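Undergrad: Could you have a look at this structure, given as structure tokens, before my questions?
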Amino acid sequence: MKRAKAKTLLVTGSVLFAVAHAAMVSAHDIRNASLGNAKAAKDVYEVKCDSLSGNVTDHLAFAVEDLAPVATPVLKIQVRYPADGSTVTGSDPVDNDGSPGPEKELKKGNGVYMMTIKKNTAGKENYHVIFHCESKTGFETTANNVQLRNR
């Protein structure tokens, strides 16, 4: 009887750990965010990639989707690795088409990445950002993000 309870507890604990762990390392989205009307408006996010999931981070993969309203400004996403200044940029060339622009990667491993969303002209814009910290083999590692600036 004691063995059956111990086995049940072990299985239940393992399932709970796996579910919590899966939620922690799942893909990240910033949905329905907006930039103000000014040309200089930008949002800045800090994304920390680490190996808490058991997989070592190789890169941060990211893409931006330009949502309605369909307007003149072109949305751009810039990801910078402050430790050495490396930068990769991307954009969504087709406004409000239901899909993000091409996915980009910055290969700097574990650490802090700075993600900036901006535009090339004045006009209010709404956006969706998808980002993942990933290993060399494409497994998601752990990512945490904090918004630093919202304009």
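Undergrad: Expressed in whole Å with the largest first, what are the equivalent ellipsoid semi-axes of the range 28-150 derived from the C-alpha gyration tensor as the square root of 5 times each eigenvalue?
TA: After diagonalising the Cα gyration tensor, the semi-axes are 26, 14, 12 Å.
Undergrad: List the GluC sites (Glu not before Pro) within the range 56-151 that fall in a DSSP loop (any state other than H, G, I, E or B) and whose Cβ has at most 14 other Cβ atoms within 10 Å.
TA: Sites meeting the loop and neighbour criteria: 103.
Undergrad: Starting from the 7 Å offset along Cα-to-Cβ, what nm value, one decimal, do you get for the label separation of residue 94 and residue 32?
TA: 2.4
Undergrad: Can you work out the PRE-style zone for residue 48? Point 7 Å along Cα to Cβ, and I want the residues of the range 98-126 with backbone N under 17 Å.
TA: Once the point is set 7 Å along Cα→Cβ of residue 48, 109-115 turn out to lie under 17 Å by backbone N, inside the range 98-126.
Undergrad: I would also like to ask the following. Quote the charge dipole size of the range 28-150 about the Cα centre in Debye, to the nearest 20; the model charges only the Cβ of Lys and Arg (+1) and of Asp and Glu (-1).
TA: My answer is approximately 480 debye.
Undergrad: What net charge is computed for the residues neighbouring residue 143, neighbours being all others with C-beta under 12 Å from the C-beta of residue 143, Lys and Arg scored +1, Asp and Glu -1?
TA: -4
Undergrad: Determine the sum of side-chain charges near residue 101: Lys and Arg each +1, Asp and Glu each -1, restricted to other residues whose C-beta is under 12 angstrom from that of residue 101.
TA: It works out to a net charge of -4.
Undergrad: Working from the pairwise distances between different alpha carbons, so that the mean of 1/r is found and then inverted, what is the range 32-92's Kirkwood radius in Å?
TA: Evaluated over the range 32-92, this radius sits at 14.0 Å.
Only the coordinates and a few stated rules stand behind these numbers; no lab work does. Owing to the predicted nature of the structure, the values given are computational and were not obtained by experimental measurement. Here Cβ is always computed from backbone atoms with ideal geometry, including for glycine, and neighbour counts include all displayed protein chains.
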